[in-house]
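K.L.:
Here you go, one structure.
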Amino acid sequence: MAAATGTYEIKNEHGEVINTSTGLSNKKLLMWSFLGSDVMFFGSFIATYLVYRNRSLVGPYPADILDIPITSVSTFVLLMSSLAMVLALSYIQQGRQKMGTFWIFSVVVLGAIFLLFQVYEFNHFGQVGLTPRTNLFGTTFFILTGLHGAHVTLGVLWLIFLGFGSIKGSLRADNAIDLEIAGLYWHFVDIVWIVIFTVIYLISARDVGPPGSVPGLH
Amino acid sequence: MQNWLTSSKLTKLALPVLALAATLFIAACSPEHPQSTFGYAGPVARDQGNLFLLIFWIAVAVFIIVEGGIIYIAFRYRRRDDKIPKQVHGNTKLEITWTIIPSLVVAAIAVPTIIGIWEQQRGAPTDMGDVLEVEAIGHRWWFEFRYPNQEIVTANELHVPTGRPVNVKLSSQDVIHSFWVPKLAGKVDMVPLNDNLVWFIADEPGIYDGQCAEFCGIAHAHMRFRVIAHEEDGFQEWVAGMRTPPVPFEAGSAEAQGELLFATNCKTCHTNDSWRQDAYSLEIQQQESRWNTWLDDIENSRLVSAPNLTHYSQRHFLGSGIKENSRENLIKWITDPDSIKIGTAMQAHAAAYQEREDNKINLSNQEVENIADYLLALEPGDISQLVAPAITGGTPEERGEQLFVSIGCNACHSLDADTTIVGPSLIGIAGRAGTRTSLSADEYLRQSINDPGAFIVDGFTNAMVVPKIPPNQVDDLIAYITTLE
Amino acid sequence: MQTTHPGPSREPISLSFPRIIPRPKSEYGIWSWISTVDHKRIGTLYAVTSFFWFLVGGIEALLMRVQLSQADSTLIDPEMFNQLFTMHGTTMVFLVVMPLSAAFFNWLIPLQIGARDVAFPRLNALSFWIFLFGSLFLNFSWLIGDAPNGGWFGYAPNSHVAFNPTNGMNFWVIGLNILGVASIAAGLNFIVTILNMRAPGMSLTKMPVFTWMTFVTSVLIVLALPVLTVALIQLQVDRLYGTHFYNTAAGGDPVLWQHVFWLFGHPEVYILILPAMGIVSEILPVFSRKPLFGYSFLVFAGVAIGFMGWFVWSHHMFTVGLGPAANSAFAISTMAIAIPTGIKIFNWIGTMWGGSIRFSTAMLFAISFIAMFTIGGLSGVMHASVPSDAQQQDTYFVVAHFHYVLFGGAIMAIFGGIYFWWPKATGYMLSEKLGIINWLIMLIGFNLQFAPQHWLGLDGMPRRIFTYAENMGWENTNMIASAGGFLMAFSVLLFMINVVYSARKRVPAGDDPWDGRTLEWSISSPPPHYNFEKIPNVEHRDDFWFTKHPELIAEYYHDEHSGELTAPSGAQFDEDAADEEDEHAEAHAEEHHGDDEHGHGGIHLPDMSYYPIILAAGLTIVGAGLMTAVPVIIIGTIVLLWGLLGWSFEPVNDPVPDSH
């Protein structure tokens, strides 16, 4: 066990050799710890959603307005962006700047498409009468998916920043760690969406209100 | 009180901290401890107190060992020279020992704990006497009490019989409150949308102090109530009284004028005639609609949820149990409620308080006095005027059973063939009734209810009070009585 | 930072971001503090700030004690009283005990693990500035007379806008969310620091217990604070934008708030107490001149407490009506957590057993910690028993319980820690005479205030009542408690006098005034900017102690590890050598602050930066904007982006000296 006797030597982003006790870079360890923190964040919101399933007193209910096919498309787009992320990192690590840049911006574009889908969906729901103030479903749905959207937006901005870095040459094979931790974040946000998609769209698509509540749109 | 004193002696030995001895000395000298958790007045509080004392004595033992150990070791091993002591850094056997011993101790505490939980948290037991069902509703900042089977609504003073389990269904209309009568039972919260149950038995008649124990806003400290325990007779009398209208007031008297003022200024929020036939369901609806009106427009609502004031003169306290219910206090209360209890919804919302700059009531002193006189004259009139509650839903037999209890038939007519209270037991009456007179069983029972004096069973006298019962309810009652085997 | 070797040289990234402000360079004065990224200075900032809030929270407590000292008192109106107890609780938890612990983390963790700074020095500075601004934001509510008034637990729906329309609870939700960001950032930083920056040879099993407890605490912070953030966001959007999370009229469930809040709230209790346990675990061995008894049991118990702390939250809700099954389960889990706690107490006593105990102020505080914490633990078991708790929940019995844990526990230990490490941090001693008087009066005052409160609770006095009637029989007891409160306040005053007095006297402390055991005592007092001239090579637990007493090594390893014993390597150094090296290092430091630092084989420290404070200010302005107007949010966002971008484009170290 290396940690017991000494330290691992790794190179930092400036190409200097530094010693760490685990062999992981500080940045990567920070990101992993942060993601653990974020799990609790989304976990609490998802738990809130589940607690409030079938408890809205007035419509529209999930059964009235959730559109699984459309959201499946946007989910697919987000999944593909994770693939693009893997490719981007791989090219940057190999020092193939142009391919790396291309794939970074692919992630950006796919992320943006996902966000457009979300904007469309929020608008559409607003038009048929579901807002965060309508009922418990509206409240939990918008806040949960909205905060996820905020995470995606942050990721898109971060990747744009890194994409330009790649063009200018400040993001390169020797500091690919910067892209790697952005990638970790991106994959995490992607996985969170899979959970949200499963919980909101697949599991509760037929949900209505409790007995005695006001009927929904259908 | 005696009870409390003995247990406080136990406590006195217990926390051997210097200051506490002084505290307890002073505490024991004080005349009253109305909310002492050691003043057990019923089995639930007693069980809880005994469990506490069990843990307490275990804790005392641990306390003496640990604190004694610390002091002993500190002195025994104080630094005397510059020698470096033996560098002991652990002892696996010792470690395992002091892992296992605490485990056993907490296991010993866990067993009675879990037994207690299952005894106390599943509603009143049915084998400890006839259960009285009550509903308690928390409001900011007072308690509403409903007796669904007797169709009685009252506030801040919960009347119960001794020796019978009382099952209290707890709920809240606004924020979370907590129902706590330390001498009878530990607290259970009143949570909106989440009904809870607490039960207790009061062993002795008396007035037991209760207080809200969950922070609920500005007047939390003033949200108190009382449980008033009567012997069974006294309780039945109170129940009958609550269903009996007051004697009408002489025209032109102060009370009659007060009644008029009350009707125009107070009655939209304060119901005070719950003895009426259909008053119970109406009150529930009204309380709900007052609440919703307030919620719709919190700033400007002229309606608020308010305590029921039926037979107000029977109340011991006003302002949810914070001041004695005297004429003087009542006048002060009506004039300027916040001077007694801050944050009353009445002063903030009722029209009568909105017209003056200083938010006092916009009535003359004389008018306020008239209202006070009226309220203090509200008491049950002649028991023969008792109004049976309107009971709906269920089968005729079920309605009859509820009526039988709510108008107090069971106070005199036993449901045990071998027991006679005042009137004859009604077990098996279906078989006997047809044989007493020329009337059929059904007709005989109807006659006995409407005109008890028409036929008196040998060995009894005509002591029966006749409530006003509409014919359809008499049918229900007969349907029930004839099922008694 | 770490030992660096000259690597392949890289040309600097061209800075495309306009540098509005130059890289800070001042070493003295206020700007050096504002732009500092030195963990020791940040630790000092944390300590000073949170001590200030300690005084504020204490004054709030005294006002309440004055009000309660007599029945039917009208000195303080109920609205004010509600604000006082809400802010007292919030302040003591979030602005005092947590950041005071953070002050110790900052000061000690790099020193104890043999590092030159934390893993992310600028993030560290950011944590402090967010904490400072968040705490000012929260307390700003006092100035507009609208402090939070819904309790530190903010129970819905009492905290909902229908029942609490004033701005107070908005300050509370937004202020705590800002503070949460600071805590999470600090937690992440210390996780990485402890995992990754230990000196060679310092395996996890050789880490000082304080470092261990900091690690467990940081993990708890990182996992528990987001749950609070969620609860606060939910309440915030409810209050400000009319959503329905806790709107009962739309079906929002008040019990959910309690679950979410206490799912955070119970781990939070351990966040408050574990650092204190760590401090005590450092003090006791030093003044007993013995190794900690049962190191592995103690560490394991700390980890177990941190883990089990996640499964006991509903014991705050025994009267909510969760049903007998849930209550039984949580009663058992709560009682179970008493076992590792008991192990710790026995191990601390075991550490003293057979020792050579010196009653320094720090030691007296540490011993009092064990004694007082034991009382709090015992009353805790009484709450764990649900039927017994039904009579105690929300009474002064609970108030007494958690003050025994948090004041008798956490604060006593923190005072012990202050007396213990003060010489290290400042280079001079605090007066022991005044210290012992301070300790004695605090201990007496504390017990005088809180022991009677057990009785008050059992006598039926609920918490959070602004007054009580005369016939309740609570008056005399309350009067005693209030007197105790003032005695405590006096002891804190004595501490401050001690600080001033000692600062004037300046009795030099030397590097190792207590015959310490861990690495921080191996360097000068106060430690140099770069901490360690040479990163130490760690061979043992309490490595510094065995460096001083190599003859004890064999005895120490005798019973368990006799086979593995290896002779200490030549890497260890004796005190004289260390002193020489210190001088050498100071020379280095001079060099370091000169213009040459690039590619130097020696010490490489991060440069100072203004961006953490800018970013923190931006975040706080956004928070204020949420309560006021959109333009404020926009201004805040601009400041925040400025900080973020400036930070991103600013390298940790300037590759070439600034030419300004």
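The values are calculated or read from the model by the stated rules, or taken from the named source; none is laboratory data. Everything numeric here is computed off the predicted structure, so don't read it as measured data. Backbone-built Cβ (ideal geometry, glycine too); neighbour counts: all protein chains shown.
K.L.:
Do you know which residues across region A:149-176 are within 17 Å of A:Leu35 (Cβ to Cβ) and surrounded by 21 or more Cβ atoms within 10 Å (Cβ to Cβ)?
P.N.:
A:Val152, A:Gly155, A:Leu159 - these are the residues of region A:149-176 that are within 17 Å of A:Leu35 (Cβ to Cβ) and surrounded by 21 or more Cβ atoms within 10 Å (Cβ to Cβ).
K.L.:
Show me the strands (runs of 3 or more DSSP E) found entirely inside region B:142-241 where at least 3 residues are surrounded by fewer than 24 Cβ atoms within 10 Å (Cβ to Cβ) and touching a Pro at 6+ places or on another chain (Cβ under 8 Å).
P.N.:
Working: elements: B:142-147, B:152-155, B:157-161, B:166-172, B:177-181, B:185-190, B:196-200, B:206-211, B:224-230.
Filter on region B:142-241 gives an empty set.
K.L.:
To continue, here is another question. Let me confirm something: among B:Glu299, B:Glu204, which residue is acidic (Asp, Glu) and closer than 30 Å to C:Thr319 by Cα? Before the answer, list the steps.
P.N.:
Details: B:Glu299 fails: closer than 30 Å to C:Thr319 by Cα.
Sole residue among the options that is acidic (Asp, Glu) and closer than 30 Å to C:Thr319 by Cα: B:Glu204.
K.L.:
Hey, could you check region C:256-273 for residues that are closer than 24 Å to B:Ser171 by Cα and within 9 Å of chain A (Cβ to nearest Cβ) and say which is nearest to the chain's Cα centre (by Cα)?
P.N.:
Looking at residues that are closer than 24 Å to B:Ser171 by Cα and within 9 Å of chain A (Cβ to nearest Cβ), I get C:Val260.
K.L.:
Right, something else. Which of the numbered conditions does C:His401 fail, given that it passes all the others? Conditions: (1) facing chain B (nearest Cβ under 7 Å); (2) of a type outside the set (Asp, Glu); (3) under 24 Å from B:Ala221 (Cβ atoms).
P.N.:
Going through (1) facing chain B (nearest Cβ under 7 Å); (2) of a type outside the set (Asp, Glu); (3) under 24 Å from B:Ala221 (Cβ atoms) one by one, C:His401 breaks only (1).
K.L.:
Can you tell me which residue within region C:323-354, out of those that are within 7 Å of another protein chain (Cβ to nearest Cβ) and among the aromatic types (Phe, Trp, Tyr), is nearest to C:Phe297 (Cα to Cα)?
P.N.:
C:Phe346
K.L.:
So which pairs qualify, if the first residue must be in region B:244-259 and in a helix (DSSP H, G or I), the second must be among the hydroxyl-bearing types (Ser, Thr, Tyr), the Cβ gap must be under 8 Å, and the two must be at least 6 apart or on different chains?
P.N.:
Listed pairs, sorted by first residue: B:Ala254/B:Tyr374; B:Glu255/B:Tyr374; B:Ala256/B:Tyr374; B:Gln257/B:Tyr374; B:Gly258/B:Tyr374; B:Glu259/B:Tyr374.
K.L.:
Right, here's the next one. Given (1) out of contact with any Gly (no Cβ under 9 Å at 6 or more places or on another chain); (2) part of a helix (DSSP H, G or I); (3) within 14 Å of chain B (Cβ to nearest Cβ); (4) touching a residue at least 24 places away in the same chain (Cβ under 8 Å), identify the lone condition not met by C:Asn438.
P.N.:
(3)
K.L.:
A further question on this structure: Could you say whether any residue in region C:414-425 is out of contact with any strand residue (DSSP E or B) (no Cβ under 9 Å at 6 or more places or on another chain), of a type in the set (Lys, Arg), in contact (Cβ under 8 Å) with a residue 12 or more places away in the chain and in a helix (DSSP H, G or I)?
P.N.:
Within region C:414-425 (the criterion being out of contact with any strand residue (DSSP E or B) (no Cβ under 9 Å at 6 or more places or on another chain), of a type in the set (Lys, Arg), in contact (Cβ under 8 Å) with a residue 12 or more places away in the chain and in a helix (DSSP H, G or I)), the answer is yes, since at least one residue qualifies.
K.L.:
For region C:187-195, check the following and say yes or no: at least one residue is more than 14 Å from the chain's Cα centre (by Cα), over 26 Å from B:Gly343 (Cβ atoms) and part of a loop (DSSP other than H, G, I, E, B).
P.N.:
Within region C:187-195, not a single residue is more than 14 Å from the chain's Cα centre (by Cα), over 26 Å from B:Gly343 (Cβ atoms) and part of a loop (DSSP other than H, G, I, E, B).
K.L.:
With the requirement that a residue be in contact with a helix residue (DSSP H, G or I) (Cβ under 9 Å, 6 or more places away or on another chain) and of a type in the set (Val, Ile, Thr), what does region C:457-506 give you?
P.N.:
Across region C:457-506, the qualifying residues are C:Ile465, C:Thr467, C:Thr477, C:Ile480, C:Val492, C:Ile497, C:Val499.
K.L.:
Among the residues that make up region B:164-171, is at least one of them touching a residue at least 12 places away in the same chain (Cβ under 8 Å) and in contact with a helix residue (DSSP H, G or I) (Cβ under 8 Å, 6 or more places away or on another chain)?
P.N.:
Within region B:164-171, one or more residues are touching a residue at least 12 places away in the same chain (Cβ under 8 Å) and in contact with a helix residue (DSSP H, G or I) (Cβ under 8 Å, 6 or more places away or on another chain).
K.L.:
Ok, one more. Any residue that is more than 7 Å from every other protein chain (Cβ to nearest Cβ) and touching a Ser or Thr at 6+ places or on another chain (Cβ under 9 Å) - is there at least one of those in region B:57-78?
P.N.:
Keep residues of region B:57-78 that are more than 7 Å from every other protein chain (Cβ to nearest Cβ), which gives B:57-58, B:60-61, B:64-65, B:68, B:71-72, B:75-76.
If we keep only those that are touching a Ser or Thr at 6+ places or on another chain (Cβ under 9 Å) as well, we get none.
So far as region B:57-78 goes, no, none of its residues is more than 7 Å from every other protein chain (Cβ to nearest Cβ) and touching a Ser or Thr at 6+ places or on another chain (Cβ under 9 Å).
K.L.:
Hey, another quick one. Is it true that C:Asn149 is facing another protein chain (nearest Cβ under 9 Å), buried (at least 24 other Cβ atoms within 10 Å of the Cβ) and in contact (Cβ under 8 Å) with a residue 60 or more places away in the chain?
P.N.:
In short, yes.
K.L.:
Now for a separate question. Output the residues belonging to region A:91-107 that are over 21 Å from the mean Cα position of the chain (by Cα) and without any contact (Cβ under 8 Å) to a residue 60 or more places away in the chain.
P.N.:
A:Tyr91, A:Arg96, A:Lys98, A:Met99
K.L.:
Is one or more of the residues making up region C:355-364 more than 9 Å from chain B (Cβ to nearest Cβ), outside any helix (DSSP H, G or I) and either among the polar types (S, T, N, Q) or touching a Pro at 6+ places or on another chain (Cβ under 7 Å) (or both)?
P.N.:
Yes, region C:355-364 has at least one match.
K.L.:
Let me ask something else. Are any residues in region C:239-254 part of a loop (DSSP other than H, G, I, E, B), crowded, with 22+ Cβ neighbours inside 10 Å and either under 34 Å from the mean Cα position of the chain (by Cα) or without any contact (Cβ under 8 Å) to a residue 24 or more places away in the chain (or both), and if so, which ones?
P.N.:
C:Thr243, C:His244, C:Phe245, C:Tyr246, C:Asp253
K.L.:
Going by the conditions given, is C:Ile370 facing chain B (nearest Cβ under 7 Å), surrounded by 23 or more Cβ atoms within 10 Å (Cβ to Cβ) and farther than 16 Å from C:Val269 by Cα? Spell out how you get there, then give the answer.
P.N.:
Numbers: facing chain B (nearest Cβ under 7 Å): yes; surrounded by 23 or more Cβ atoms within 10 Å (Cβ to Cβ): yes; farther than 16 Å from C:Val269 by Cα: yes.
Considered against the rule, which asks whether it is facing chain B (nearest Cβ under 7 Å), surrounded by 23 or more Cβ atoms within 10 Å (Cβ to Cβ) and farther than 16 Å from C:Val269 by Cα, C:Ile370 comes out as yes.
K.L.:
Report the residue count in region B:164-177 for those that are within 12 Å of the chain's Cα centre (by Cα) and facing chain C (nearest Cβ under 10 Å).
P.N.:
Final tally of qualifying residues: 1.
K.L.:
Of all the helices (runs of 4 or more DSSP H) wholly in region C:20-139, which have at least 2 residues that are modelled with pLDDT of 95 or more?
P.N.:
Per the criteria, C:39-68, C:78-90, C:98-113.
K.L.:
Let me ask you something else. For region B:184-219, name all the residues that are among the β-branched types (Val, Ile, Thr) and either under 18 Å from B:Glu133 (Cα atoms) or within 7 Å of another protein chain (Cβ to nearest Cβ) (or both).
P.N.:
Selection gives B:Val188, B:Val191, B:Val198, B:Ile201, B:Ile218.
K.L.:
So, one more: Within region B:86-106, which residues are within 8 Å of another protein chain (Cβ to nearest Cβ) and either farther than 30 Å from C:Glu551 by Cβ or among the β-branched types (Val, Ile, Thr) (or both)?
P.N.:
Across region B:86-106, the qualifying residues are B:Val88, B:Trp98, B:Thr99, B:Pro102, B:Ser103, B:Val106.
K.L.:
So which residues in region A:53-71 are within 26 Å of the chain's Cα centre (by Cα), of a type in the set (Ser, Thr, Tyr) and crowded, with 22+ Cβ neighbours inside 10 Å?
P.N.:
A:Tyr61
K.L.:
Quick one: in region B:419-432, of everything that is surrounded by 13 or more Cβ atoms within 10 Å (Cβ to Cβ) and in contact (Cβ under 8 Å) with a residue 40 or more places away in the chain, which residue is farthest from B:Asp233 (Cα to Cα)?
P.N.:
Result: B:Ala430.
K.L.:
Then there's this: Is it the case that region C:384-395 has a residue that's more than 9 Å from chain B (Cβ to nearest Cβ) and either surrounded by fewer than 21 Cβ atoms within 10 Å (Cβ to Cβ) or assigned to a helix (DSSP H, G or I) (or both)?
P.N.:
No; the residues of region C:384-395 include none that is more than 9 Å from chain B (Cβ to nearest Cβ) and either surrounded by fewer than 21 Cβ atoms within 10 Å (Cβ to Cβ) or assigned to a helix (DSSP H, G or I) (or both).
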